[in-house]
Structure formats: structure tokens, C-alpha cells
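The values are calculated or read from the model by the stated rules, or taken from the named source; none is laboratory data. Remember, predicted model here, so these are calculated numbers, not experimental data. Here the Cβ positions follow ideal geometry from the backbone for every residue, glycine too, while neighbour counts run over all protein chains shown. Only protein heavy atoms, including side chains, enter the accessible area calculation; ligands, DNA and RNA are left aside. Shrake-Rupley method; radii C 1.70, N 1.55, O 1.52, S 1.80 Å.
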Amino acid sequence: MDEQNDPKGPGREKLSFRIQLRSDHGNIIVSPMEKLETLRQMRDTGAVFPLVIGGKPVTQNYWRIDSLS
């Protein structure tokens, strides 16, 4: 990636966590396979997005998915 899409220096953070994709999330029916495909597309295209946990952004910065396993 070029420097514009791969920033270096202070403020760059790396985060790793596990998520569980379930089809019975509360009153909402979701497809875990569709959500996994969305995550793969975000990784493959280098999409940047706000990281939201519990309905609130973690920071004002944008994040990118580098890998899924």
C-alpha cells in the first residue's frame, strides 16, 4: 500500500479480538455467513471504517481489517 493508505508514526494502533457471529442476536435475525463475507470484503478492499463497540465509536480514528483467521 502507499503511505496515504498505510499511515505510519504516532497514533497508529493495532487491535486484535475475537468475535462470535450468531444468527440469533436478540430480536434481529442475521446471517453469520453474510456478515463473514462482509468482513472479508472489507479486508480485501482495504476499506476503512469507524470501530463501534456497544453502539459507541472506540476512537474518532478510522480502522482497517488486515487479517481474519
> In the stretch 43-69, how many are among the hydroxyl-bearing types (S, T, Y), in a helix (DSSP H, G or I) and open to solvent by less than 80 Å² (accessible area, probe 1.4 Å)?
Replying inline: 0
>> Return the residues of the stretch 29-41 that are among the aliphatic types (A, V, I, L, M), farther than 18 Å from S67 by Cα and open to solvent by less than 100 Å² (accessible area, probe 1.4 Å); say none if nothing qualifies.
In response: V30
>> So for the stretch 9-27 (the condition being at negative phi, part of a strand (DSSP E or B), of a type in the set (D, E) and free of Cβ contacts under 8 Å to residues at least 12 places away in the same chain), does at least one residue qualify?
In response: yes
